[in-house]
Amino acid sequence: MRSHLTRFALAFLLLAAALPAAPPASEINYWNGLSLRQRDLLLSGETIILEEEISGNPWPRFIVYQLVKALPSEVAAVFWDLKLDPQYIPNCATVTIINSPSPSVVEGEYTLRMPFLLPDEVYVSRNMLRHSGTEDLEISWEVLRSRYTKSGRGALTLQGHEGGTLLRYSNLVEPGSRIAGLMRKSAGRQVVESVKALVTQVTKEKTGSPAVLEKQLKILSEALEPASPR
């Protein structure tokens, strides 16, 4: 579910069929899995968007790759600051933290403005933060309830790459109504715009609001600390 400071040209690559279940992110080097053409696109500042068709689902799994001039922890820290979302994520009206079973698990209620004069989407998502390598991080999410969708899962995987970060954003939603099924293009656009907005916000904070980013990094570090034994 995320500018003039960063050049975003879109490279659309369509995958015809569903792929086998992937191993844990900690076992994958996503950069090595990209083609030379895809790497060149990323190095030139472009965004790669993949659509993985899922049998029986009207929406594909959307996958977005982007190189970011920031550390994995910096990108994760901004993303983990859920209450900041309405300030930079397109169509995000409100986010309310409703539960936090542990520092690395947060449940938020989101309100998104919908197209076609439809009522706002209101959904609850459980967000989970974990290390997926020495400096690599992953934030995954699962939709617990929603007005328009039956289910939704995704992950933001952040892997260090040459002093920056290879960002991989993956999201799969199963729409719960015919109306939602007709909004495939809108859903894909929302994913791409959200990733663009996240990268722009990270760049903005690094250059103009370092104190805000420092506070977010502290919160992220505390969330990643192992729970104390009782």
Exercise for review: Find the centroid of the Cα atoms in region 30-65 and in region 182-197, then give the distance between the two in whole Å.
Suggested key: 14
Point to revise | Shape category assigned to region 138-193 from the gyration tensor of Cα positions, a/c cut at 1.5 | key: oblate
Point to revise | Efficiency of FRET between ILE98 and LYS69 - r from beta-carbon atoms, R0 45 angstrom, step 0.05 | key: 0.85
Point to revise | In nm, spacing of pseudo-spin labels at ARG184 and ILE219 (7 Å Cα→C-beta vector) | key: 3.7
Check your understanding: Using modelled amide H (1.01 Å from N, peptide plane; none on Pro or chain starts), what sits under 5 Å from the amide H of SER132, excluding residues fewer than 5 places away?
Key -> LEU137, GLU138
Exercise for review: Return, for the Cα atoms of region 137-230, the radius of gyration and Dmax in Å, separated by a comma.
Suggested key: 16.8, 50
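FYI, it's all coordinate maths here, none of it is from the lab. None of these values were measured; they are calculated from a predicted model. As a convention, Cβ positions derive from the backbone with ideal geometry for all residues, glycine included, and neighbour counts pool all protein chains shown.
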